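Colleague: Pasting a structure below so you can have a look.
The values are calculated or read from the model by the stated rules, or taken from the named source; none is laboratory data. Treat the numbers as computed from the prediction; the structure is a model and nothing was measured. In this analysis, Cβ positions are derived from the backbone assuming ideal geometry, glycine residues included, and neighbour counts consider all displayed protein chains.
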């Protein structure tokens, strides 16, 4: 839909341009490029029908240009032939250009659809991951969390930043400088019964400045408890 007009209205405009141009071309004296509106009809066809409309409209415009040459009583043979040849070439070029634009638009739509599918898959993976994941600013403010982060009450309602965690303070200073840091024996506010191995990963921009920090943690409570139960040698 272009400029608020439905495809049917644009199709009617295309037909009107084709027939009107043909009739004017039949009764116009030589020396005037009366075929000039035909490329407009081709472009209009691209708006409402894409490739499926461009091809037949281009072919019909070329045919009408030739028929006007054959049936016109005012056409001069040599000059008229040159005029019509220029018209056919221009109509063909406009049609090819519209086809190229239509293919690019289709490719762009497929790319956008593919990105949307990948984004949905990524959201599914993150929401069902058994790892804690959170994205934060360099100052420590949490901007996004995984499904498990919500499950352990680390969403915005319980915690909005990593600031104040003594175990992460030293590591955070290194991460914002561009270094990845890992650690063990992390307990979370409101869920002190579990123990986590954790990693802080800096995410830089194209200039190398850290703009985000990825926090990941894996529940190792069972491993720690089993290790504590084993008799020491």
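Colleague: I want to confirm something. Restricting to the stretch 163-177 and keeping residues that are exposed (fewer than 12 other Cβ atoms within 10 Å of the Cβ) and not in a helix (DSSP H, G or I), which single residue is modelled with the lowest pLDDT?
Modeller: Checking each candidate, the answer is 164.
Colleague: If I go through the stretch 16-39 residue by residue, how many of them are surrounded by 15 or more Cβ atoms within 10 Å (Cβ to Cβ) and in a helix (DSSP H, G or I)?
Modeller: 9
Colleague: Here is a further query. Can you tell me how many residues within the stretch 40-68 are within 17 Å of residue 13 (Cβ to Cβ), in contact (Cβ under 8 Å) with a residue 12 or more places away in the chain and part of a helix (DSSP H, G or I)?
Modeller: 17
Colleague: Spot the failing condition for residue 73; the list is (1) over 36 Å from the mean Cα position of the chain (by Cα); (2) modelled with pLDDT of 85 or more, and only one is missed.
Modeller: Result: residue 73 passes all but (2).
Colleague: Do we have any residue at all in the stretch 183-197 that's modelled with pLDDT of 90 or more and surrounded by fewer than 15 Cβ atoms within 10 Å (Cβ to Cβ)?
Modeller: no
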